[in-house]
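Heads up: the structure comes next, in structure tokens.
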Amino acid sequence: MISLAAGVLYLSLAVTQANAKEFKIAVGDSSGSPQEALGLHFAQELKERTQGKHSVRLFLNGQLGSEQDTVNDAALGTLDFSLLAINNITPFSPSVGILTLPYMMQSLDEAVELTQGPIGQELIDNTVRDAGVRIVGWTYSGFRVLSNSKKPVETLDDLKGLLVRVPKNAIMIDTYKAWGINPTPMAWSETFAALQQKVVDGQDNPYMTIHSMNFHEVQQYITNLRYLFSIEPLIVSESVFQDQDDATQQAILEAGKAATEFSAGFLVESEDRIKQGLLAKGMQISEPADGEKAWIEKATQDVWPSYYDSIGGKDKVNAALRALGRDEI
Ligand code: MLT
């Protein structure tokens, strides 16, 4: 006959097992990317923090849909997590655009300051409110550099005649317009094929992403722009998050924080090696002319004022500039 104590133990184990979950994470990028590195670290941390109760499975390369579609799926609660570029969240929560204003962040330290300080917390709250998803981690991937298959680009004049793919992000589209060309907005999941089939000539993404996506097979020239420091959040469906018990919610938040710290170290350790690897594969890297002066002037003067309202007002931009120790506008 089963004793009362054994029965209680059996029941509690059964409940624990019944609540155990394998969370799915959609990942926009491929193996070797900063997104994958953060996702794997998050998986390990979550497993440890829940004593093995919960596990995580990564679906790389946009297998679960375009990055913007995964935001919709997570909002509906049909997807648990997604790892995607910040520019693909902005359409759902415009205040996040502060992180895609050209030349706002000029280093990893500045990206850390904006995402992990009070401004980052406000963006997390806004994203829950506007998009039904919660940012629980931040991947730091480095500056987005311009790649193309046709010619070295140093000046805005060199850019003329190139068909450049951009994410479906109004700020980035307007940045290229300010630089004098009409870019081609396209989902990330379609970009490699479009470059390969020469539907477009170029695109921009960090060195680490260009490397992990094997873009050297279809691109030859890189321009070392510093217009956008790429941040790629880990988001969780807010409804999935709210369905978890307190201990699991806490574990998700702590695992996200640990993975964020890991990501900054991963970038510092890997970026230069990856850049050398791209050179070894035959890519050529050019510096923008005049220390990027014309690129910076055009993008900041033409683009910033158009987005003060959607970001939440000029005050928000000034708060970010103050946080970075810069002059207000
Ligand atoms: C994009 O260009 O749409 C994104 O930056 C892709 C990514 O997630 O790396």
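What distance in nm separates the two pseudo spin-label positions at Asn224 and Lys150, each 7 Å out from Cα along the beta-carbon direction?
2.4
For Arg165, enumerate residues with amide H under 5 Å from its amide H, sequence gap 5+ or separate chain, H modeled in the peptide plane.
Here the answer is Thr184, Asp201, Gly202, Gln203, since their amide H atoms fall under 5 Å of that of Arg165.
What residue among Thr139, Thr300, Thr209 has the largest mean-square fluctuation in a Gaussian network model of the chain, using Cα springs under 10 Å?
Thr300
Could you give the angle, 0 to 90 degrees to the nearest 10, between helix 34-49's Cα long axis and the longest principal axis of the Cα atoms of the chain?
Tilt of helix 34-49: around 20 degrees.
Amide H neighbours of Val56 under 5 Å, at least 5 residues apart or on other chains, H built in the peptide plane: list them.
Phe23
Over 21 Å between Cα atoms, which of Lys21/Lys47; Lys160/Lys298; Lys150/Lys293 qualify? Can you show the working numbers first?
Details: Lys21/Lys47 11 Å; Lys160/Lys298 15 Å; Lys150/Lys293 23 Å.
With Cα atoms farther than 21 Å apart: Lys150/Lys293.
Take the chain, connect every pair of alpha-carbon atoms lying under 10 Å apart with a spring to form a Gaussian network, then pick out the residue of Ala280, Ala187, Ala299 with the largest mean-square fluctuation.
Greatest mean-square fluctuation among the candidates belongs to Ala280.
Please go through the residue pairs Lys24/Lys314; Lys53/Lys257; Lys168/Lys316; Lys24/Lys151 and name each one whose alpha carbons sit more than 31 Å apart in this structure. Spell out each step's value before the answer.
Numbers: Lys24/Lys314 38 Å; Lys53/Lys257 19 Å; Lys168/Lys316 23 Å; Lys24/Lys151 41 Å.
From Lys24/Lys314; Lys53/Lys257; Lys168/Lys316; Lys24/Lys151, over 31 Å: Lys24/Lys314; Lys24/Lys151.
If Lys and Arg each add +1 and Asp and Glu each add -1, what is the summed charge of the other residues whose beta carbon sits under 11 Å from the beta carbon of Gly77? All intermediate terms of the calculation are to be shown ahead of the outcome.
Working: positive: none; negative: Asp73, Asp80, Glu238, Asp243.
So the surrounding residues net to -4.
Taking the mean number of other Cβ atoms within 10 Å as a proxy for protection, how do you rank 141-148, 46-53, 169-176 from highest to lowest? Please report the intermediate quantities before stating the final value.
Values: 141-148: 24.2, 46-53: 15.9, 169-176: 21.6.
Order by mean packing, descending: 141-148, 169-176, 46-53.
Taking a probe of 1.4 Å, how large is the accessible area per residue of the stretch 85-170, in Å²?
On the way: 2740 Å² over 86 residues.
Heavy-atom accessible area per residue stands at 32 Å².
Provide, as a two-decimal number, the C-alpha radius of gyration of the stretch 242-329 over 2.2 N^0.38 Å, N being how many residues it has. List each step's numbers first, then the result.
Numbers: Rg = 20.2 Å, N = 88, 2.2 N^0.38 = 12.1 Å.
With N residues counted in the stretch 242-329, Rg over 2.2 N^0.38 Å equals 1.67.
About the Cα centre, and with charges only on the beta carbon of Lys, Arg (+1) and Asp, Glu (-1), how big is the dipole of the chain? Nearest 20 debye, please. Numbers along the way, then the final one.
Working: 27 positive and 42 negative charges, 114 e Å.
Rounded to the nearest 20 debye, it is 540 debye.
Which value, in nm² and rounded to one decimal, describes the direction-averaged projected area of the C-alpha convex hull of the stretch 104-233?
Numbers: hull surface 32.5 nm².
The number I arrive at for the stretch 104-233 is 8.1 nm².
Treat every Asp and Glu Cβ in the stretch 125-233 as -1 and every Lys and Arg Cβ as +1, leave all other atoms uncharged, and give the resulting dipole magnitude about the Cα centre to the nearest 20 debye.
80
Note the full-extension length gain between Asp125 and Lys53 as 0.36 nm times their separation in residues minus their Cα-Cα distance, in nm to one decimal. Could you put the intermediate results ahead of the total?
Numbers: separation 72, 0.36 × 72 = 25.92 nm, distance 2.79 nm.
Computed gain between Asp125 and Lys53 is 23.1 nm.
Does the stretch 46-96 classify as rounded, prolate or oblate by the C-alpha gyration tensor (a ≥ b ≥ c root eigenvalues; a/c under 1.5 gives rounded; else a/b over b/c gives prolate, otherwise oblate)? Intermediate values should be presented prior to the final figure.
Numbers: a/c = 2.31, a/b = 1.86, b/c = 1.24.
The shape class here is prolate.
Run the helix sum for the chain: -39,500 (n - 2.57) per DSSP H stretch of 4+ residues, divided by residue count, reported at 222 nm to the nearest 500 deg cm²/dmol. Write down the numbers at each step before the final one.
Values: 13 runs with 159 residues, N = 329.
That comes out to -15000 deg cm²/dmol.
If we sort 229-238, 262-271 on the protection proxy, mean other Cβ atoms within 10 Å, highest first, what's the order?
Working: 229-238: 25.3, 262-271: 17.4.
Highest to lowest by the protection proxy: 229-238, 262-271.
Calculate the length of the line joining the C-alpha centroid of the stretch 45-120 to that of the stretch 140-199, in whole Å.
Going from one Cα centre to the other spans 22 Å.
Relative to the longest principal axis of the chain, what angle (0 to 90°, nearest 10) does the C-alpha long axis of helix 314-323 take?
With rounding to tens, the tilt is 80 degrees.
Roughly how many Å² is the accessible area per residue of the stretch 222-329, as a whole number, for a 1.4 Å probe? Walk me through the numbers before you get to the answer.
Details: 5230 Å² over 108 residues.
Accessible area per residue: 48 Å².
Give the long-range amide H neighbours of Met105: residues separated by 5 or more places, or on another chain, with amide H under 5 Å away, using H modelled in the peptide plane at 1.01 Å from N.
Answer set, sorted by chain and number: Phe229.
Over the Cα atoms of the chain, what radius of gyration and what Dmax do you get, in Å?
That works out to 21.1, 86 Å for Rg and Dmax.
In degrees, nearest 10, range 0 to 90: what is the angle between the Cα axis of helix 293-311 and the longest Cα principal axis of the chain?
Helix 293-311 sits roughly 40 degrees off the main axis of the chain.
The values are calculated or read from the model by the stated rules, or taken from the named source; none is laboratory data. Please read all numbers here as calculations on a predicted model, not as lab measurements. Glycine also receives a Cβ, built like all others from the backbone with ideal geometry; neighbour counts cover every protein chain displayed. Note: areas computed on protein heavy atoms with side chains; ligands, DNA, RNA excluded. Shrake-Rupley method; radii C 1.70, N 1.55, O 1.52, S 1.80 Å.
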